[in-house]
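Structure first, then comments.
Any read-out appearing in this document is the output of simple, stated calculations on the displayed coordinates, not a laboratory observation. Everything numeric here is computed off the predicted structure, so don't read it as measured data. Reconstructed Cβ throughout: ideal geometry from the backbone, glycine too, with neighbour counts over all protein chains shown.
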Amino acid sequence: MRQINPDIEKIMQNKYFIIDFDSTFTQVETLDLLCGIYLDGKPEKEDVLKRIKHITDLGMEGKMSFRETLEERIALLKANQKHIDKLVEQLKQKVSKSFVRNKEFFQKYPDNVFIISNGFKNIIEPIVTEYGIKKENIFANELTFDAEGNISGYDAENPLSDDNGKVNILHSLNLNGDIYMIGDGYNDYEVKAAGLANKFYAFTENVERSSVTEKADHIAPSLDEILYHNNIKGSISYPKNRINVLLLENVHSKAVDALKEEGYNIEVHPAAMDEDELCERIKNVSIIGIRSKTHITAKVLENANRLIAVGAFCIGTNQIDLEACLKKGVAVFNAPFSNTRSVVELAIAEIIMLMRNLPDKIRSMHEGKWDKSARNSFEIRGKKLGLIGYGNIGSQLSVIAEAMGMDVYYYDVIEKLAHGNATKCNTLHDLLSRVDVVSLHVDGRPENKNLLGPKEFAQMKQGSILLNLSRGHVVDIAALCNAMESGKVIGAGIDVFPKEPKSNNEAFESDVRNSPNTILTPHIGGSTLEAQENIGSFVPGKIVEYINTGSTTNSVNFPEIQLPPFDNAHRLIHIHHNRPGVLAAINQILAEHDINILSQYLKTNELIGYMILVVDKEYDNEVINELKNIEHTIRFRVLY
């Protein structure tokens, strides 16, 4: 973490931040919003809005003189003072998010911030003054009104109504110090081009124009980035745009949007990565999102020095070395419930299809063979369904299968309460010998490898049906093929395999291909739009909550702490090996530096202690170094 310069008060005496208003201080272009207000409900609304936006873009990209854009847009405006009043109230809710959270910066340094805008002072002043910006530091055009309060034009004598208006205003201000121009338009760059600014920050939080960013000294997706770049303490300790997120295996676009909305820097990769590739790609990654094919191993984690969290966009986490993540101080989150219904519906569909011998009949029809018979075709009503694993999926499948007339039996190594009239079996053998259909719903822990092998297939009833929608390695494929050849198993639905292609471009190979009455699907049990959308919302939500508040709710490896957001304080996260004396050492350092602890939370498991400290914002940065260097510390960070 970068240290904040202790002489910042002295430095700020010679720093000036010149800020644009439209699409910079606020999220929108003022005139676009004004048109939307006064044209509300009128048929010409869309056409006028398009024309004004087009004119605005031409001006921002430097393709049209500002005087021309101003005159053309004013000519399109038929608004009244009452519309202006309504516009101001709406704009107060449209201030850029990073400006809102850094309101304290403006209040603390009112002499160092100027608003210079080609917009209109009538609109700008009541908004920015609420942030502590001085009226005398606001420079903008001014609208004129007729006797009825209608917009009649603008003050043509105002320097900002003409080209190079911002340049001329800065010339007249004659500021003595370092000047930083912050804006989203070409005329903001012109200030730097005229030699009047030390740096031009292209502000891209709301809009990004390539013709502007290519001219910038620094691209700033937020005000946090600008403050950090200038060693100024802001509302968050580290700009979110510097948090790199790598999303693999085509996670849902909703997840991408949610993390982008949070301000993170996102990279999306459509397929899985092998260990060596991931070791290289993960070096600068803070958050990684995967599905089932990418493995987060101890070797990968050795190269992941910036990694904060792993998101498993699926139910299982056996592809992740959870203990290695824990020792590295990396929290892991998954989606334990989001695709339950999708898997259950596929299981029900496949049970019906296999009991009716539909895979073979469908194949025959495509080959031109008409085989109308009831041979090996049965109703599911009255049949016995055996569930190996009675967690979220198994128990919901139990309820639906029973509602369809099946008798349900289940076996689980953990004590589970029966749903409905389901019957608990005390041993796997007891279940296998009693049921007509066996459906696997277990996790991928190593001890479940070949859970169904030659011995277990021998215990099944002759003519059984098998479903595996859980993990590929829990079924011995060779033993399954033998069981199908012997007639012990007369139908199988397999969605997961011991070895699966890493992407859709890789061929699928398996000994079970071309087996009779078999449904083979490419690991799509949870792959419905609804499930992927639910996962795409759930997992990013938990990661963002962890990053923003420190809460570890639903983490599969961290001790669970749930905390609300906070204001006017800093949260310090200390992750350490679970050893005696760490808490005492932390408190001793805080006491020595006379730091007021507002609240303190600590939870441990067998390996780590997870502590959240909430302290007053003002503290010596030497404290950070001392807390980081406490013996047994794994990771320390100042929360955003």
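Rank-order 352-360, 27-35, 112-120, 253-261 by packing density, defined as the average count of other C-beta atoms within 10 Å over each peptide's residues, highest first. Before the final figure, lay out the partial values.
Details: 352-360: 18.8, 27-35: 21.6, 112-120: 24.0, 253-261: 17.0.
Packing order, densest peptide first, comes out as 112-120, 27-35, 352-360, 253-261.
Determine the gain in length on full extension of the stretch GLU631-LYS283; use 0.36 nm per residue of separation and subtract their C-alpha separation, reporting nm with one decimal.
Here the segment from GLU631 to LYS283 would lengthen by 122.8 nm.
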Sequence ranges 264-271, 341-348, 413-420, ranked by mean other-Cβ count within 10 angstrom, highest first: 341-348, 264-271, 413-420
Could you work out how far apart the two model spin labels at PHE337 and GLU157 are, taking each label as a point 7 Å from the Cα in the direction of the beta carbon, and quote it in nm? 6.8 nm
Would you mind computing, in nm to one decimal, how far apart the modelled labels at LYS455 and LEU358 are, each placed 7 Å from Cα along Cα→Cβ? 3.6 nm
Charge dipole (debye, nearest 20) of region 340-527; +1 at Cβ of Lys and Arg, -1 at Cβ of Asp and Glu: 340 debye
Hey, with R₀ at 22 Å, roughly what FRET efficiency would ASN231 and GLU618 work out to, going by the Cβ-Cβ distance, to 0.05? 0.85
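Note the full-extension length gain between ILE524 and LYS94 as 0.36 nm times their separation in residues minus their Cα-Cα distance, in nm to one decimal.
150.6 nm
Report the Rg/Rh value for region 243-333, based on alpha-carbon coordinates and the Kirkwood definition of Rh.
Radius of gyration relative to Kirkwood radius: 0.92.
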Footprinting proxy, PHE99, PHE566: sorted fewest to most Cβ within 10 Å, the residues are PHE566, PHE99
Give the calculated FRET efficiency between GLU415 and GLU447 to the nearest 0.05, with a Förster radius of 22 Å applied to their Cβ-Cβ distance. 0.80
Helix-only CD estimate at 222 nm, as mean residue ellipticity for the chain, using -39500 (n - 2.57) per DSSP H run (n ≥ 4): -10000 deg cm²/dmol
Considering only the chain, percent of DSSP beta bridges that pair antiparallel, nearest 5: 30 percent
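Looking at the square roots a ≥ b ≥ c of the eigenvalues of the Cα gyration tensor of the chain, which shape do they give, rounded for a/c under 1.5, prolate if a/b is larger than b/c, or oblate?
prolate
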Of ALA347, CYS279, ILE575, which is farthest towards the positive pole of the chain's charge dipole, taken about the Cα centre with +1 and -1 on the beta-carbons of Lys, Arg and Asp, Glu respectively? ALA347
FRET efficiency for LYS82 and GLU44, using Cβ-Cβ distance with R0 set to 22 Å, rounded to 0.05: 0.65
Given 379-388, 87-96, the highest-first ranking by average Cβ count within 10 Å works out to 379-388, 87-96
Taking the alpha-carbon distance from LYS50 and a cut-off under 26 Å, which lysines remain once sequence neighbours fewer than 8 residues away in the same chain are dropped? LYS42, LYS63, LYS78, LYS82, LYS86, LYS92, LYS94, LYS97, LYS121
Could you count how many Lys pairs in region 340-527 have their Cα atoms under 17 Å apart, skipping same-chain pairs fewer than 8 positions apart? 12
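Could you put MET365, MET273, MET181, MET12 in order, starting from the residue whose Cβ has the fewest other Cβ atoms within 10 Å?
Listed from fewest to most nearby Cβ atoms, that is MET365, MET12, MET273, MET181.
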Find how much the distance from GLU142 to GLU402 grows on full extension, using 0.36 nm per residue of separation minus their present alpha carbon separation; answer in nm with one decimal. 86.3 nm
If unit charges are put on Cβ atoms (+1 for Lys and Arg, -1 for Asp and Glu) and the dipole of the chain is taken about its Cα centre, the option from CYS425, PHE66, PRO559 lying farthest towards the positive end turns out to be CYS425
What are the aspartates and glutamates whose alpha-carbon lies under 13 Å from the alpha-carbon of LYS328, with same-chain residues fewer than 8 places away excluded? GLU302
For region 319-386, just say rounded, prolate or oblate: build the C-alpha gyration tensor, square-root its eigenvalues into a ≥ b ≥ c, call rounded for a/c under 1.5, and beyond that prolate if a/b exceeds b/c, oblate if not. prolate
How far is it, in nm, from the label point at SER373 to the one at LEU598 when both lie 7 Å from their Cα along the line to the Cβ? 7.7 nm
Dipole size in debye (nearest 20) for region 446-550 around its Cα centre, Lys and Arg Cβ +1, Asp and Glu Cβ -1? 260 debye
By the Cα gyration tensor axes a ≥ b ≥ c (a/c under 1.5 gives rounded; else a/b larger than b/c gives prolate, otherwise oblate), the shape of region 599-640 is oblate
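Charges only on Cβ, +1 for Lys and Arg, -1 for Asp and Glu: so what's the dipole of region 495-640 about the Cα centre, in debye to the nearest 20?
Result for region 495-640 is approximately 220 debye, rounded to the nearest 20.
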What's the center-to-center distance, using Cα atoms, between region 410-425 and region 442-495 in Å? 21 Å
Taking Cα pairs under 8 Å and at least six residues apart, what relative contact order does region 142-214 come out at, in percent? 21 percent
